[in-house]
1. Taking +1 at the Cβ of each Lys and Arg and -1 at the Cβ of each Asp and Glu, which of PRO177, SER195, ILE224 sits farthest along the dipole of the range 162-226 towards its positive end, judged by Cα position relative to the Cα centre?
2. Students often forget the sequence filter, so: which aspartates and glutamates lie under 13 Å Cα-Cα from LYS111 once same-chain residues fewer than 8 apart are removed?
3. Per 0.36 nm of contour for each residue apart, how much would the distance between ARG163 and LEU313 grow if the chain were fully extended, relative to their Cα-Cα spacing?
4. Can you spot the aspartates and glutamates whose alpha carbon is less than 15 Å from LYS88's alpha carbon? Ignore those fewer than 8 places along the same chain.
5. Quick check: net charge around ARG201, other residues with Cβ under 15 Å of its Cβ, Lys/Arg +1 and Asp/Glu -1?
6. Enumerate the aspartates and glutamates that LYS182 could reach by cross-link, defined here as Cα to Cα under 17 Å, with residues fewer than 8 away along the same chain left out.
7. Taking only the Cα atoms of the range 100-222, how large is their convex hull per residue, in Å³?
8. Would the range 218-315 count as rounded, prolate or oblate if I go by the C-alpha gyration tensor, calling it rounded below 1.5 in a/c and otherwise prolate when a/b exceeds b/c, oblate otherwise?
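A short reminder: the numbers here are calculations on the coordinates, not readings from a lab. All values reported here derive from a predicted model rather than from experimental measurement. Cβ placement follows ideal geometry from the backbone for every residue including glycine, while neighbour counts extend to all protein chains displayed.
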Amino acid sequence: MLETLCQWSIRRGGVNHKMHITKRFAKRFTKRIESSYDSSTAHTDIGRKTVASTMKDVARLAQVSLATVSAVLSGSTYVSPELTSRVKKAVAALGYSPNSVASSLKKGATKIIGLVVPDITNPFFTELVHSVQKRARELGYAVLLCDSERDIEQERSYLKMLRAHLATGTIICPAGPDASYKDLPNEVGIMPIVSVDHIIRADDYDSVVLDNVAASRMVMQHIISLGHTRVAIIAGQQHLVPGRDRLAGFVEALRGAGLDVIPEFVRHGAFNESDAFDCSQALLALPERPSAIFAANNQMLIGVMRAISESGLSCPYDISVAAIDDFPWAAAFSPALTTVRQPVDAMADAAFNLLLERINGTDAAPRHLVFPPEMVIRQSCVAPAAPSGLAARRAPARRTRKPANAHLADA
């Protein structure tokens, strides 16, 4: 093999032996190539050390400059077929593998974006992750997923980690209220951030959100149209924008229909099944219980359904239910669940596009994109029982109603 390397070098170098490799150089590389070479890692073992071939090694063996090796490997500029062939043969002989991560670190960025969600078990965030990853793959990016479990300190730790590992940018579904992010610019530095689900630091960061007031109002208008006047809500936490906005839509719809807000029918809890179950049990134990319950998200809806079942009541004939956030198996429940759907794919694409604009250097003012909701009417909401006690007739099979002007709008 030594003879082959020397002959190849001399043949390519010509009689002037310009930039030729010496026998000593060839011996060193022959030893490296023949000693326990692992082609999967492009490392060779010399004694007890593990040594990786470098771009300089390739340049020496191919008798070209570092710039030529870089151009061949990156395809950034034209290189003659002869030089390209020499570089490729040297790469093959040495088992050299370009380190894209190291290259990215030198440039101060990688093809990695962060995605921080508050609860990966929530079907909305699961679907969002899928949509973001699909978009990232199309554009040659990898996604580093972090689940904060609604812990603001954990979320902050993830953001710092993403910055330290030179993530190109991050999409975040915030776990806390806006006040929790007052120091965010100092924590993430110049790393671009786009917020999904609610707005944080509106003057600093782009966001993509659902029109939560309209979504809540849409659900309530459907429930009221069936004849319900005693409607309860299990609202989310009021220190979070979605929780406040969904309660606001509930109140707005009742007042718009000339109905009073019954204080004991307004319950608050975290956006989870457990809190919703406890709130529902309290509502169902009232002397005059509601005829319908509106849950602020899909996980809460599961808690409501469990409480109704354990109370020995029937949905929808005793209690109608509906919620914001559709999910894949909502139609598989008995009864199938009436929900409001968020356009998750479109929201994910919008968030990724906003992030790319920031990555590419735009310094435009932050944009806040608001998406319209879509009502999905199934069988969990029917007219309340008649005074005579006759059961209400089952609602028709699933229908989907989109808003008249379903479009992307700037807030």
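1. Farthest towards the positive end: ILE224.
2. Cross-link targets: GLU138.
3. Working: separation 150, 0.36 × 150 = 54.00 nm, distance 5.14 nm.
Going from the current span to full extension adds 48.9 nm.
4. Correct list for LYS88: ASP57.
5. Working: positive: ARG156, LYS182, ARG358, ARG367; negative: GLU155, ASP178, ASP183, GLU187, ASP197, ASP203, ASP204, ASP206.
Taking every Cβ under 15 Å from that of ARG201, the sum is -4.
6. Here the aspartates and glutamates satisfying the reach criterion relative to LYS182 are ASP151, GLU153, GLU155, ASP203, ASP204, ASP206.
7. Numbers: hull volume 14.7 nm³, N = 123.
Given the Cα convex hull of the range 100-222, per-residue volume reads 119 Å³.
8. Working: a/c = 1.72, a/b = 1.13, b/c = 1.53.
The shape class here is oblate.
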